[in-house]
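**Student:** The structure that follows is given in the form of structure tokens.
Quick note: the coordinates plus some simple rules give every number you see, no bench work behind them. All values derive from a computational prediction rather than experimental measurement. Backbone-built Cβ (ideal geometry, glycine too); neighbour counts: all protein chains shown.
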Amino acid sequence: MNASGLHQLLGAYLLGGLDAVDLKSFEDHLQECPQCRDELARLETVPMLLDAVPVPDAVALTAGPSAAVAAPSTAAPVALLSELARRRRKVRRRWAALAGAVAAACLAVGLAVGPLLGRAPQPDASYSVQSGGGLQFSIDLARKTWGTELAVNGSSLPSDGTLSLWVRDRAGGEDRACAWTATPSGRVKVTGATPIQLGSISSVELRDGTQQTVAVITVP
């Protein structure tokens with residue numbers, strides 16, 4: 001697929017509607033296309049706004065003054081918007097119309113949307129691992145336009161030295177997402193970041209000060 005065709009996938013990517021093949025193609029393209037990265041950054045809050053708007057209100061805003069008269073004709077948009085709110089899929093053809101509906105809905109909802117935007121975002125994926133020695137290690141992965149954010153939560157970890165979190169991609173490369181000084185309690189909560197896109201991550205490794213692997217989380 002050429003660059004123009006990949007650019008047209010931006011809306012579906014933003015709403016989580018790409019299949020595995022298109023997702024990999026677009027994320028590879030995203031690393032090389034500053035225009036797509038800038039546009040994605042500007043539209044990053046659209047999915048949250050879409051979820052915040054009640055389906056009947058969004059449909060009424062796009063249908064215009066005749067919506068009340070032509071109520072039966074709104075069945076298809078209602079079904080589509082409901083599906084988007086639940087699953088964020090099958091949006092490639094309707095992206096332009098939905099973006100317009102969201103913009104209009106923002107004006108109608110006004111300050112009511114503010115508290116919703118203040119809520120902590122949910123991770124795109126979560127994984128955990130534990131060992132017989134009591135070690136517990138979990139990560140939340142959040143997709144970002146620049147890569148992936150990782151929220152780390154661990155207990156019964158090594159209590160001395162420097163620990164580090166390494167992300168491996170499916171091509172065999174690796175990147176250190178963060179590092180921290182071990183705590184006497186063996187507990188930690190830290191946040192790391194990597195330019196590797198979520199769809200390209202194959203595993204996340206916790207290493208001790210000697211770079212020995214302490215725990216591994218495999219990402220399907």
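**Student:** Sort 140-153, 183-196 by packing, meaning the average of other beta carbons within 10 Å per residue, with the highest value first.
**Tutor:** 140-153, 183-196
**Student:** With label points built 7 Å along Cα→Cβ from the Cα atoms of Thr145 and Gln8, find their separation and express it in nm.
**Tutor:** Between Thr145 and Gln8, the label points sit 2.3 nm apart.
**Student:** How much length is gained if the chain between Gln212 and Arg176 is pulled fully straight, taking 0.36 nm per residue apart and subtracting their Cα-Cα distance, in nm to one decimal?
**Tutor:** 11.6 nm
**Student:** Please list, ordered by chain and number, the residues whose modelled amide H lies under 5 Å from the amide H of Ser203; skip anything fewer than 5 residues away on the same chain.
**Tutor:** Placed amide hydrogens put Arg168, Val219 under 5 Å from Ser203.
**Student:** For a quick protection proxy, order the peptides 126-134, 169-177, 156-164 by their average other-Cβ count within 10 Å, most packed first.
**Tutor:** Per-residue Cβ counts within 10 Å, averaged per peptide and sorted highest first, yield 156-164, 169-177, 126-134.
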